[in-house]
Amino acid sequence: GQNIDQPTEMTATEGAIVQINCTYQTSGFNGLFWYQQHAGEAPTFLSYNVLDGLEEKGRFSSFLSRSKGYSYLLLKELQMKDSASYLCAVRDPRGGSYIPTFGRGTSLIVHP
Amino acid sequence: DTGVSQNPRHKITKRGQNVTFRCDPISEHNRLYWYRQTLGQGPEFLTYFQNEAQLEKSRLLSDRFSAERPKGSFSTLEIQRTEQGDSAMYLCASSPGTAEAFFGQGTRLTVV
């Protein structure tokens, strides 16, 4: 089975740093994705981790620990436009299908 | 625009009617996924195609739902005898092999 857990909502101040956590329990693992989704829009890809460690991409970084079933997305120098839902998705190889399973998402509110 | 395209963007239908949605994936993406998303939730997996073969279907996909991907290009998702509980955003995504999935803008279905 698949179980992916993220906080429902977080708030932060413009210019600050925020860390969004994701824990997972899945029958198999072949990578973890983070997506950003603004209200009424499609999810857009942010990052991908398949090995342990930190991946940095501009203001966004993502970390993975496979032994702990844990990932986080770190957003630096927050901007108002970063207010969105952040989705953690785990890919399970399951017979070669490699289907991403999503958590419920974390709604981030950035205020001035 | 070379992204994933979904039509229509919005659909309002009466309970009991049939509806069909179309997804045009990014050219040469062999993998295509259908997800359903309701407010405040992450995308829930419905079904997956590799080229023209439908390789996996979620238990969420009742016998009122059917999907096709003739010739491994565009895909259609049909819902027969719609119910109010079918109201949701239906998202299509495609990927080239095991890389990240790219999402379309979705079709928002409202059953009245």
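The values are calculated or read from the model by the stated rules, or taken from the named source; none is laboratory data. Small disclaimer: the values here were computed from a predicted structure and weren't measured. So basically every Cβ, Gly included, is an ideal-geometry build from the backbone, and we count neighbours across all protein chains shown. Accessible surface is based on the protein model in full, side chains and every heavy atom, while ligands, DNA and RNA are left aside. Shrake-Rupley method; radii C 1.70, N 1.55, O 1.52, S 1.80 Å.
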Q) Residues in the range A:24-38: is at least one modelled with pLDDT under 95 and on the phi > 0 side of the Ramachandran plot? A) yes
Q | Residue in the range A:4-21 that is open to solvent by 20 Å² or more (accessible area, probe 1.4 Å), away from chain B (no Cβ under 11 Å) and under 23 Å from B:Asn30 (Cβ atoms) present | A | no
Q.
Restricting to the range A:30-61, count the residues that are without any contact (Cβ under 8 Å) to a residue 24 or more places away in the chain, open to solvent by 30 Å² or more (accessible area, probe 1.4 Å) and in a loop (DSSP other than H, G, I, E, B).
A. 7
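Can you pull out the residues in the range B:43-62 that are of a type in the set (D, E, K, R) and within 18 Å of B:Ala88 (Cβ to Cβ)? Full working, then the answer.
Going residue by residue through the range B:43-62, those that are of a type in the set (D, E, K, R) are B:44, B:52, B:56-57, B:59.
Within the range B:43-62, B:Glu44, B:Lys57, B:Arg59 qualify.
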